[in-house]
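To keep things clear, I will list the structure first and then write my remarks on it.
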Amino acid sequence: MSTRAPLTSTTRIARRIGGTSAAARTVPEETPVALSLAGTTHAVMMATPADIEDFALGFCLTEGIVDAADDIASMAVEDHGPGIDVQIRLKGAADKRFEARRRRLAGPVGCGLCGIESIEEAMRPVDSVAASSLTLDAADIASAVRLLARAQPLHAETGAVHAAGFYVPGKGIVAAREDIGRHNALDKLAGALAKAGIDGSTGAVVVTSRVSVEMVQKTAAIGAPVLIAVSAPTALAIRTAEEAGMTVVALARGEEFDIFTRTDRVATGVSRHVA
């Protein structure tokens, strides 16, 4: 079990309008985290050393290694000094499926597409969330972003980490996780939701980053029909969200935001303007 602190203190010279001074500054830790399945390292990511079990479970779920938390037989978090190794053992069918996948791998790749051997696998079909009946309004969007900001203790101290939260209308942010990596934060959230038995179709994922295709794929794997972001989406993310039947709300600033896909899920409360 890793007991590493996610934050540390360093010194810096701070230049301000009134002059310069030496001062302490809290910064986030950045640690290599290896995810090992069946005794073999599958992926290594630089991550914040907090909520590691949530991270490992969420990664396995959003990358399609397992279908449910119950597919994992055991998980052990080992601190090896330079980094953290999470030893994961899979059950039955999940283990056989992963072994077949591992035999196909051509070799190591970049951490954004860990364990991917081809363009086709990188562009795998996205899970559909089109059947969800979830609807939101402008107040929900504003509330989701505002409440997520309050659920970011690491960012409050450092100003240097991303967050992903799960917003349920009438309940607020029911789970949130932070990490230096936006994908990692979303994987941690996926793991936390699975452990808590929270149905992804009941709410919206809220992130503090831009919307890339991987963020859409992972949100769809969670089962959430709405993805809310403070920054903009990529073109591929928009196309993938359309394929999944997912609503992408981006550039959220209070009650001002842009809806890029499945606009019917969000009641804007304002009339349309036609140029």
- Query: Which residues, counting only those in the range 127-143, are surrounded by fewer than 17 Cβ atoms within 10 Å (Cβ to Cβ) and of a type in the set (Ser, Thr, Tyr)?
  - Reply: Ser128, Ser133, Thr135
- Task: Inspect all residues belonging to the range 32-51 and state whether any of them is at pLDDT below 95 and not in a strand (DSSP E or B).
- Result: yes
- Query: Which is out of contact with any Ser or Thr (no Cβ under 6 Å at 6 or more places or on another chain), under 17 Å from Leu189 (Cα atoms) and buried (at least 18 other Cβ atoms within 10 Å of the Cβ), of Gly64, Gly58?
  - Reply: Gly58
- Item | Residue, modelled with the highest pLDDT, within the range 204-223, restricted to residues that are assigned to a loop (DSSP other than H, G, I, E, B) and over 17 Å from Phe257 (Cβ atoms) | Gly223
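Going by the conditions given, is Gly254 modelled with pLDDT under 95 and under 21 Å from Ile173 (Cα atoms)?
Details: modelled with pLDDT under 95: yes; under 21 Å from Ile173 (Cα atoms): yes.
Yes; evaluated as a whole, the condition is true for this residue.
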- Counted residues, the range 231-255 - those being surrounded by fewer than 20 Cβ atoms within 10 Å (Cβ to Cβ) and of a type outside the set (Gly, Ala, Ser): 9
- Breaking point among (1) touching a residue at least 60 places away in the same chain (Cβ under 8 Å); (2) more than 20 Å from Gly64 (Cβ to Cβ); (3) of a type in the set (A, V, I, L, M), for Ala235: (1)
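So which of Ala43, Ala24 is aliphatic (A, V, I, L, M), out of contact with any Pro (no Cβ under 6 Å at 6 or more places or on another chain) and over 30 Å from Glu99 (Cα atoms)?
Working: Ala43 fails: over 30 Å from Glu99 (Cα atoms).
Of Ala43, Ala24, the one residue that is aliphatic (A, V, I, L, M), out of contact with any Pro (no Cβ under 6 Å at 6 or more places or on another chain) and over 30 Å from Glu99 (Cα atoms) is Ala24.
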- Within the range 142-192, residues being within 15 Å of the chain's Cα centre (by Cα), part of a helix (DSSP H, G or I) and without any contact (Cβ under 8 Å) to a residue 40 or more places away in the chain number 2
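State yes or no: is Asp51 surrounded by fewer than 17 Cβ atoms within 10 Å (Cβ to Cβ), touching a residue at least 40 places away in the same chain (Cβ under 8 Å) and more than 21 Å from Gln217 (Cα to Cα)?
On the way: surrounded by fewer than 17 Cβ atoms within 10 Å (Cβ to Cβ): no; touching a residue at least 40 places away in the same chain (Cβ under 8 Å): yes; more than 21 Å from Gln217 (Cα to Cα): yes.
Answer is no for this residue.
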- Item | Looking only at the range 91-141, and only at residues there that are under 27 Å from Val205 (Cα atoms), of a type in the set (A, V, I, L, M) and outside any helix (DSSP H, G or I), the one that is modelled with the lowest pLDDT | Ile116
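The values are calculated or read from the model by the stated rules, or taken from the named source; none is laboratory data. All figures in this text were calculated on a predicted structure; none of them were measured in a lab. Quick reminder, even Gly has a Cβ in these numbers, built from the backbone with ideal geometry, and neighbours come from all protein chains shown.
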